[in-house]
């Protein structure tokens, strides 16, 4: 379902990007995440058009393409979470829930005193936690 | 009703405007027709929309049609109701009549007949043909018109108007228009109401089995069409939207299996903008329409209306989502559709929408954000089209020409393969094509990336085409599939062409064999059961596609590689350009990179480099290194081909500074090799190169290097090298920037010798010349590698620069060097402030106190001033100095330590020699306060003079002052100089004060000599004697020494002692006078001193004093002045008190003086033979009248103590304070007279007593 999750810093620099595909094609997911920043930028720059998104970090579906979906989430510190899914029947609530858990994991990771803000997240615990969250994505709705 | 569909279509096509019926009662139409039609289309009309709100429409088209026209005549009533929208919206009745009777009898009944039909909105135009000069005619016409109005107009509604042919009224046409408009409005309202009612009725039956979508559609579209005719496009659009919703609801109803459509020839081309492409009758399916055609039809109707509303943006936006959703619908029916029909449809749909919207779009008509959005949609459409086009191209074997870039991979590898029911197989006549294709595949060589970078190519396919195609062939079961791929270890998902080229040798052989066996046509039939080879798949797909694609230009684009590339470029450019004009810059730039790849392939390197640069800048700017690593080698290659040395070098450096994990060490070494080779080659113009991302530097951790003003130093800098191998820097220089003043503070430190940087951390030391005071940070690191000048601004915080912020130059904030303002680095001070012994060798102590500054190799020059000499025979001593300005406790401790004889472990002592007036400091004195003891002697040839009451002068302190000029050279290169002149005070041990303590009757004088100790040392007097001057002699003929019992006399510092000498006046005798006269008495004191040089005066310095301290007796000589007394009074004169009554003018008074002899006059030769004294009274004769003798002798006995009183009678003459008469003794020297008590200076004289004789009556 989820093929890629990414944390993008407030200067649009990648902080963490992890793909969950078997093939060795992470680069294309980098590309998808990077390009989705266009949409995030657009939404942030046109707050009027996209309704009152004040205090609403979930940006919703960024890209409706035929084959994959990109969801975004923007924290108060302008850190973006991007998730790329391939399933076509993804429910918004699931994604919201995923982002909430992902955000919590991120907050824990950057609260590490040894983490330099604005630098890539290298914590292995974070990676493990993220993969757990990714694995459990959609299970709650299915079950 | 569905039967009416065809009719409906024809009606719809035949009329697209409102109709106004003209009932030409009086054959007037030919006359007025032109005038009426001039008014068309109506410029401005007010109509009501569906919600009954007034809407202004412009250029409302309409047509006047006579009721006698065949178009209006031949209609059945039922048709009329159904296609009511085409019926006239207003009826104009044209009449004329000049005779009232005629009107009454003929016209009126006829008109009544015409207007009785309530359905119609009518009004009457009375045309007056009367000439204006024909008054009768005009009059009767007026009358008839008045009559007409009475008959047909009501209060509610004006239904008549009058047209004067010869002189039409000015407002007639406005009036006419408003009447027509009113009629149209009313008709429209009524018909809308009718249709709405009908639609509602039908809608209610929607879920009943009898329900027929076609009927609903005809009603709904009739309404929509009516709105459209009335230019109420918004309403029409809404109707179509509702119709679409309704259709989607019903079409997906379960249980009704319908044909989807789309299998006709030409269906592969989307018809999103042409509603009339296919007659609706053709797509009717039972009671509804085929989805494929009907949805496109609806969209076409909507887009037509949207274009009429000038909403090209909305067409694009709706179009994009329609294409996406319709594509999904196509996917559901893919098994019945021709091969790749879905892809072809999407391509044509996208292009249609893009072209139509672009041509309808007017720049600047919409808000800027809508505009951006519009271009974004255009970009999206192009992009979607591009993806599908690439997919088709891949299927027919152009996959190798498609760049395996992230963007292509992202869009293609997640796009499923087409899913035809049966994968097309190779047509029997295509064998030669298969061979040529196979040959092409075999010849295909993957372009090797620059620098020999080896990357696993990104997939362009969701799964292996070979497997997918074979799996979809009917005759192949899954079991065969596995057999087929057995023994292919290299085979894996997602790299189709890779697998085909990397087939194991045995496989290659086998395929070769197979092609040979397959060459016989007879065998070919059996190929169905055999798995298809890639070339076959390509050829099969090509043929199938040719079958599917009806658009010749699209097919042309796929028919040849060049055509494909051209189309590909066109689509990519279209997408990129549009994205660039939208918010989505990243999309645009990324696609620029794709264009660059094509340019590069066509050796259009210049363009390619420019585009690649943009892409690299995008990725680098936001730190997307993985993506950057993909593009940057391409840019580097372009730059190399273009011979852009600067660019190429900087690309190499950027490649090197990317995350180490992104390239193998071999690749990184290749990058470095390129840099080094280029640097050492003959470069035409040595280029500067920014290596900030690769070579970073920082000061060493810890506090900054601190230097005093003027000191040179050595700066140690950590340099991080990001090169994979050692790199030799031919020279290196580093600038320092003053933090306070940026203008002048840039100084470069150079290290000209070659430096070899190892990968990682290197320590480099640089010589630092003296700097101005201030604090400095590291500036720029520059250097040379071969001919290459590089510079690095990047400052690392003690670690290699992190991968993701290599474009961020962090300003070094921590100073690396602090040069202090000029300050005292050392202090030279005299160790003691108390005086030293003059004329004796003494130790003068100089405290050398370094102030946080090393005195290594310091040299002290000593220059003594006049009256001071260094005892050259002595060595100079130096010892560490315990600062006395410590706290009391410390002092106590150190005192205790002193007593113990072990002051401190680091107590140093050293003897030094003076060379050329210079002393070199020992090493231990570098950082500790030390004291330098220099033996000196102050020379003074003056004899000390004592003071007495007679000569009270004190010795001036300046007399004992001597100066020592000191010059200390120190610092790393003796650059620091400290100069100071010290004043040293020298003094005699004693200050002598003398006084005559007593004068005895026998003439003995007791001379008290008070010795004030001048030094801070204990003085011991061993002997003292006086050498008296002439006129004085020792009593008792002694040698003038005091009582030996008091000797030795110890005098504590700053205390006093006294010695009494008894002397007497010496009778002058001739012998002594013959001797040389001795003007002063000399006091000689033999004394010893016991003092500490650290406190003050001390025993004279001696060269290596032996263990047994020989008492050194010193001699102090001081001159004394003894004088005989000058005053010797022998007579005393006293003024006796006056009587108490006071003096009055004219009153006699006795003035009395008493004269007393104070001593015998034995020695006084003047008065020797006379016992009388001469007296004289002096008085001012103005004030006093003296009675009696003013001058005379009075006898006075020679004996001491004899006295007489002299009385003089005086009369004061004036009142006031007057000076009394004075008694003088003219014979006696004034010095010998003592006035005791002294006479008054002034006396008070009262005025005379009052007398009556003086009274004068007023």
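Throughout, read-outs are computed from the coordinates displayed, never taken from laboratory work. On a predicted model such as this, the values are computed, not experimentally measured, just so you know. So basically every Cβ, Gly included, is an ideal-geometry build from the backbone, and we count neighbours across all protein chains shown.
Rg/Rh for the stretch B:229-307 to two decimals, with Rh computed the Kirkwood way over all alpha-carbon pairs.
0.99
At q = 0.13, 0.24 Å⁻¹, what log₁₀ I(q)/I(0) does the stretch B:161-261 have when each alpha carbon counts as one equal point scatterer in the Debye sum?
-0.61, -1.23
Quick one: length gained pulling residue B:570 to residue B:1086 fully straight, 0.36 nm per residue minus the C-alpha distance?
173.4 nm
Could you check the spin-label model distance between residue A:48 and residue B:133? Points 7 Å from the Cα along Cα→Cβ, value in nm.
6.8 nm
Kindly state, to the nearest 0.05, the FRET efficiency for residue B:1115 paired with residue B:730, given R0 = 60 Å and r defined as their beta-carbon distance.
0.15
If I stretch the segment between residue B:206 and residue B:58 completely, what's the gain in nm (0.36 nm per residue apart, minus their alpha carbon distance), one decimal?
Gain on extension, residue B:206 to residue B:58, equals 49.6 nm.
Let me test this: with uniform point scatterers at the alpha carbons of the stretch B:342-466, what is the Debye-based log₁₀ I(q)/I(0) at q = 0.10 1/Å?
-0.48
In whole Å, what is the distance between the alpha-carbon centres of the stretch B:526-598 and the stretch B:29-64?
51 Å
When the Debye formula is applied to the Cα atoms of the stretch B:304-362, each taken as the same point scatterer, what base-10 log of I(q)/I(0) results at q = 0.14, 0.15, 0.26, 0.30 Å⁻¹?
Log10 of I(q)/I(0), two decimals: -0.43, -0.48, -0.97, -1.15.
Note the per residue figure in Å³ for the convex hull of the C-alpha positions in the stretch B:1-151.
151 Å³
Stretch residue B:958-residue B:151 to full length: gain in nm at 0.36 nm per residue minus the Cα-Cα span?
275.9 nm
Can you sort A:79, B:1245, B:1211 so the residue with the fewest Cβ neighbours within 10 Å comes first?
So the residues, fewest neighbours to most, are B:1211, A:79, B:1245.
How many nm separate the modelled label positions at residue B:282 and residue B:916, each set 7 Å beyond the Cα in the direction of the Cβ?
If labels sit at residue B:282 and residue B:916, their model points lie 11.9 nm apart.
Compactness ratio of chain A: Cα Rg over 2.2 N^0.38 Å, N = residue count?
0.99
Sorting B:1158, B:734, B:554 on the 10 Å Cβ count, fewest up front, what's the list?
Ascending Cβ contact count within 10 Å gives the list B:1158, B:554, B:734.
At a 10 Å Cβ-Cβ cut-off, how would you order B:1151, B:181, fewest neighbours first?
Ordered by Cβ neighbours within 10 Å, fewest first: B:181, B:1151.
With a Förster radius of 25 Å, plug the Cβ-Cβ distance of residue B:443 and residue B:265 into 1/(1 + (r/R0)^6) and report the FRET value to the nearest 0.05.
With R0 = 25 Å, the Cβ-Cβ based efficiency is 0.10.
If you project the alpha carbons of the stretch B:91-175 onto their three principal axes, what span does each projection cover, largest first, in Å?
Cα spread of the stretch B:91-175 along its principal axes, largest to smallest: 41, 31, 20 Å.
Report, as an integer, the average count of C-beta atoms from other chains found within 10 Å of each Cβ along A:64-71.
Neighbouring Cβ atoms belonging to other protein chains average 5 per residue here.
Largest first and in whole Å, give the semi-axes of the stretch A:1-85's equivalent ellipsoid, each being the square root of 5 times a Cα gyration tensor eigenvalue.
Taking √(5λ) for each Cα gyration eigenvalue gives 22, 14, 10 Å.
Could you check the spin-label model distance between residue B:1152 and residue B:365? Points 7 Å from the Cα along Cα→Cβ, value in nm.
Distance between label points: 14.9 nm.
Once the principal axes of the Cα atoms of the stretch B:264-358 are found, what is the range along each, listed largest first in whole angstroms?
Rounded to whole Å, the extents work out to 37, 28, 19 Å.
Rounded to the nearest 0.05, what FRET efficiency do residue B:308 and residue A:61 give with R0 = 30 Å and r taken as the Cβ-Cβ distance? Could you check?
0.40
Using only Cα atoms, locate the centre of the stretch B:426-474 and the centre of the stretch B:144-221, then give the distance between them in Å, rounded to an integer.
Each part reduced to its Cα centre gives a spacing of 68 Å.
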